[in-house]
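The values are calculated or read from the model by the stated rules, or taken from the named source; none is laboratory data. Note that the structure is predicted; figures quoted are calculated from it, not measured. A quick note on method: Cβ atoms are made from the backbone with ideal geometry, for glycine too, and the neighbour counts reach across all protein chains shown. What goes into the accessible areas is simple: the full protein's heavy atoms, side chains included, and nothing from ligands, DNA or RNA. Shrake-Rupley method; radii C 1.70, N 1.55, O 1.52, S 1.80 Å.
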Amino acid sequence: MAAGTGSGPGGISIRALVKHYGTFEAVAGIDLEIRRGEFLTLLGPSGSGKTTLLMMIAGFQDATSGDIRLDDRSIVAMPPEKRNFGMVFQGYALFPHMTVADNIGYALSVRGRPRAEIAARVAEMLELAQLQGMGARLPAQLSGGQQQRVALARALAFSPPVLLLDEPLGALDRKLRIEVQEQLKELHRRLGTTFIYVTHDQEEALSMSDRIVIMRAGRVEQVGTPEELYSRPRTEFAASFLGKSNFLRRDGKVWALRPEKIDLSVATGQATGGRLSGRILSMAYFGSVLKYQVETAEQGQIEVDVDAWRGGGALPVGTAVGLDWSEQAAVLLGS
Amino acid sequence: MAALTLRTSGWLLVLPLLGLVVVMFAGPLFNIFWLSFTDPGPGLSNYTALAERESLRRLLWVTLRICALTTLFSVVLGYCIAYAMTHAGEGARQKMLLLLLISFWISVLVRTFAWIMILGRNGLLNNGLMSAGLISAPLPFVRNELGVLIGMVHYMIPYAVLPLLGAMRAIDGRVMAASRNLGASPAQTFWRIWLPLTKPGVIAASLLVFILSLGFYVTPAILGGGKVLMVAEYISVQVLITLKWGTAAMLAVLILVSVLALLALMSRFMKLSAALGGRA
Ligand SMILES: Nc1ncnc2c1ncn2[C@@H]1O[C@H](COP(=O)(O)OP(=O)(O)OP(=O)(O)O)[C@@H](O)[C@H]1O
Ligand SMILES: [Mg+2]
């Protein structure tokens, strides 16, 4: 679908990219191919270098070394205004002294386009962002969600081949966020623009992306589709950052095991079924799932998710239980 | 109930001070106002003299012109300084601020005489130029309008820089980055984003400098060498030498009303307390 490859503008290739702040290495050698038209998410904990990487792609930070190529042309030394990338900033950075319409028309206006063309494009973008009738307002007269849409419309008004988004939904409340997530995805599908999206919200990353780049301390930990990353994490960090995971250790090897892939059964008498046995330490109720912490002798605490609609209600703390899972459920890490 | 007593007791506390202000400030002010209508005789004669007497009109014109030029140069130079300070590193900015404040704190008298030593007939500049063979006779830098302007602009620059610096430091750097990202060159970004966003600071700085210039006394008196007469010096001459108190009072009222009008104008653009350095 959207993740096309090959010709057409909007493919970015990043090679051995490094950024030092003084002696501190914020980006420590990143290689990444971003395909034309894909929705790529940079996911990582605070301080892992997501914004720094994005700012280097946008041209606001100089790379210490390495190369950034757009469709096989190096852009690493190009000033930001020449790169033609749209960007939605953390906090939106709308022009506070300009109306919504002037904000959206800015990119065309600085390119010296005729007034009529700008007006037509602004009207089109206002509609796309569902901001009809708000063109004459100032940014301060808009709600957070509306400001976010203005920022998006402004960044897309000049039809950039690539759109960079730095935690665009960070300031919105949860409900609005989910709504805007869907609108963003829909927009991406419709425009075919390459989206590079920064977030540290793993659910957002899973639900929106074609591919996710998990970052850690200025490096790429793992790249893949949400499904690949979730079902075949390669490191403990990747497994625990994207979703929850138990880690089973034996003979110096480590396996990741997702809580929802474990079957939990009540032990009958002396005989416990399954690969591990233990006792329920605590339980938390999350509406659709029950999360149990099970204390086992061999592997310590194991988290087990059980669909709440299964079984006959919650098991009391202290119940002896057996844990079982299918062969493929436990993923050997480091492979 | 408690709030009420607190309020009344609060008023009681400021009452002595309030009395002092009324007696020491409002009283003389009223006296000046009164004088302007009654001295030498009752009526509007002091005010109609403005229309009749060429010398008074010239006095006002010179004052306005010098104030306007001072404002222009101070704000333009102040804008450059504030811009450099905003974009300097933290350490450099602190040093620049210190230099600015030092010149702010030195007495206006000292600074004015320092300019005489630099710009006078036998001053540093003329001596330097002559010994370098660039000029044969001293250039008249002081005892004229140029000298007054140099001295006043020098004095006013800190007043222009401070509100401008406040306005510039309040600008979100991401807004500037957004402009570049949307394809604007650095020059376009300056004219279309930076300058409009600092406009309130420019207005505040201009009004502040203009208002302060209106009442300037020492610098024009010394650097003008008696040749460049501004309102404040003229008033002092009327009061101390020619004893025409009515004319002096009329001019004082005129300045006071102009300043109040300018402040009213300013308050339409921004919160006055913020422009004058306070908060909220
Ligand atoms: N201008 C700077 N000078 C020095 N260090 C910096 C600068 N900008 C960022 N850093 C450091 O570089 C590292 C990466 O910062 P970056 O802003 O890229 O993180 P991030 O992944 O975007 O984090 P967050 O999720 O909190 O936004 C951090 O440790 C940060 O302290
Ligand atoms: Mg960031």
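Each of A:Ala58, B:Leu207, B:Gly226 was scored by the projection of its Cα onto the charge dipole of the protein assembly as shown, and the greatest displacement toward the positive side belongs to B:Gly226; charges sit on the C-beta of Lys, Arg, Asp and Glu. May I ask for the distance between the Cα centers of region B:217-240 and region B:53-80, given as a whole number of Å? Going from one Cα centre to the other spans 14 Å. Please give the residues of region A:184-220, grouped as numeric ranges, whose backbone N is less than 12 Å from a label point set 7 Å along the Cα-to-Cβ vector of A:Thr23. What the label zone holds, given the 12 Å backbone N cut-off, is no residue at all. How much length would be gained if the chain were fully extended between A:Glu298 and A:Gln183, taking 0.36 nm per residue of separation minus their Cα-Cα distance, in nm to one decimal? Going from the current span to full extension adds 36.7 nm. Rg/Rh for region B:47-200 stands at 1.10; both radii use Cα atoms, and Rh follows the Kirkwood definition.
Packing, as the average of other Cβ atoms within 10 Å across residues, places the peptides A:214-226, A:124-136 in the order A:214-226, A:124-136, highest first. Element breakdown for chain B at a 1.4 angstrom probe: carbon and sulfur atoms account for 74% of the accessible area. Axis angle, to the nearest 10 degrees, between helix A:144-156 and the longest C-alpha principal axis of chain A: 60 degrees. Counting Cβ atoms of other protein chains within 10 Å of each residue's Cβ and taking the mean over peptide A:96-107 gives 3. Residue by residue along B:105-111, Cβ atoms of other protein chains within 10 Å of the local Cβ number 0 on average.
For region B:89-135, the solvent-accessible area works out to 67 Å² per residue, with a probe of 1.4 Å and every protein chain left in place. Loop-located GluC sites (Glu not before Pro) in region A:228-329 (DSSP state not H, G, I, E or B) with no more than 12 neighbouring Cβ atoms inside 10 Å: A:Glu298. Global dimensions of chain B from alpha-carbon coordinates: Rg and Dmax equal 23.3, 82 Å.
Rounded to the nearest 20 debye, the dipole size of region A:38-99 about its Cα centre is 100 debye, using +1 on the Cβ of Lys and Arg and -1 on the Cβ of Asp and Glu.
Compared with the dominant principal axis of the Cα atoms in chain A, helix A:100-110 is inclined by about 60°. Here B:Lys227 is the anchor, and the lysines within straight C-alpha reach of less than 24 Å, apart from those fewer than 8 places off in the same chain, are B:Lys244.
Interface area, chains B and A: about 1800 Å² of buried accessible surface, summed, with a 1.4 Å probe and ligands, DNA and RNA left out. Helices that extend 20 Å or more along their long axis by alpha-carbon positions and average at least 0.0 on the Kyte-Doolittle scale are, among the DSSP H runs of chain B, B:2-21, B:54-87, B:90-105, B:145-169, B:195-214, B:245-269. Distance between the C-alpha centres of region A:147-185 and region A:7-33: 24 Å, rounded to the whole angstrom. Taking 32 Å as the limit for the C-alpha separation, the pairs A:Lys175/A:Lys291; A:Lys50/A:Lys244; A:Lys175/A:Lys253; A:Lys82/B:Lys199 exceed it in the case of A:Lys175/A:Lys253.
With each run of n ≥ 4 DSSP H residues scored as -39500 (n - 2.57), what mean residue ellipticity at 222 nm is computed for the protein assembly as shown after dividing by its residue count and rounding to the nearest 500 deg cm²/dmol? Result for the protein assembly as shown, helices only: -15500 deg cm²/dmol.
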